[in-house]
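The values are calculated or read from the model by the stated rules, or taken from the named source; none is laboratory data. Here the structure is a predicted model, which is why all the values come from computation and not from measurement. Methodologically, a virtual Cβ is constructed for each residue, glycine included, from the backbone with ideal geometry; neighbour enumeration extends over all protein chains shown.
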Amino acid sequence: MAQRFNVCEYLVDRRLVILVGLSLTALSVRMMMHFSPDMNGEPVMWSGLVQGLGFGLVFLPLNLMAFGTLDPKYRTQGAGLYNLARSLSGSIAISIVTVILARQQQVAHSDLASHITEQRVPLPALTLTQQFGFGPGQVFGIIDAELNRQATMVAYLDAFSFMFWMVIVASPLVLLLKAPAKAPAGAEETAMAVE
């Protein structure tokens, strides 16, 4: 059987591809750090496009590197262990981001609410709203709803900032990856015979 020639294996180091993917992921999260409640859907679309490209450039070479170093008879167990590690790390990351969102929303709401005083919402404004059929409780309910909306946005921006720095911190770990060893001639036929 003829030896297959993989152009990418000889031209581009997979670690470089992963590093480019992590850079695109960091760029997309940086784009998300500039979201606002009043924006349209275009920034979401562009950041999602960049993030999808970045993830593709991270996970495909990472999979190739992970399974390229394994003996073919261990690839089934390796795939199970690899998927377990990805699921666990993803669950831990989601939990951390959820905690950051919940905590930062409360902190932001508290900070924003401290600026709502009688000087900011004077009594004549409350009597004016009563003329339109709103009671003081409804007015403060509307103000609280807006505070919640703004606090949620601040919390998401804080979570995006955390994710950005985690991608930056994880990027140098790519240097610890080692490329799979070149298979000697005839090893591919042996691997196919084992399968």
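Things to note:
- Boolean, LEU101 is touching a helix residue (DSSP H, G or I) at 6+ places or on another chain (Cβ under 8 Å) and not in a helix (DSSP H, G or I): no
- Subset of the range 69-95 [in contact (Cβ under 8 Å) with a residue 12 or more places away in the chain and in contact with a helix residue (DSSP H, G or I) (Cβ under 7 Å, 6 or more places away or on another chain)]: PRO72, LYS73, GLY78, TYR82
- When VAL12 is tested against (1) surrounded by 13 or more Cβ atoms within 10 Å (Cβ to Cβ); (2) under 19 Å from SER171 (Cα atoms); (3) β-branched (Val, Ile, Thr); (4) at pLDDT below 90, exactly one condition is not met: (1).
- Remark: pairs (first residue in the range 46-68, free of Cβ contacts under 8 Å to residues at least 24 places away in the same chain and crowded, with 17+ Cβ neighbours inside 10 Å; second residue part of a helix (DSSP H, G or I) and of a type in the set (A, V, I, L, M); Cβ separation under 8 Å; 6+ apart in sequence or on different chains) = SER47/VAL29; SER47/MET31; SER47/MET32.
- Residues of the range 135-161 that are buried (at least 17 other Cβ atoms within 10 Å of the Cβ) and either of a type in the set (Phe, Trp, Tyr) or out of contact with any helix residue (DSSP H, G or I) (no Cβ under 9 Å at 6 or more places or on another chain) (or both): TYR156, PHE160.
- Condition check for PRO180: at pLDDT 90 or above, farther than 22 Å from PHE35 by Cβ and either assigned to a helix (DSSP H, G or I) or not small (Gly, Ala, Ser) (or both): no
- Residues located in the range 71-98, provided they are under 15 Å from the mean Cα position of the chain (by Cα), aliphatic (A, V, I, L, M) and either surrounded by 11 or more Cβ atoms within 10 Å (Cβ to Cβ) or closer than 30 Å to ILE142 by Cα (or both): ALA93, ILE96, VAL97
- Lone qualifier among SER87, SER95 - being assigned to a helix (DSSP H, G or I), closer than 24 Å to VAL174 by Cβ, modelled with pLDDT of 90 or more and not β-branched (Val, Ile, Thr): SER87
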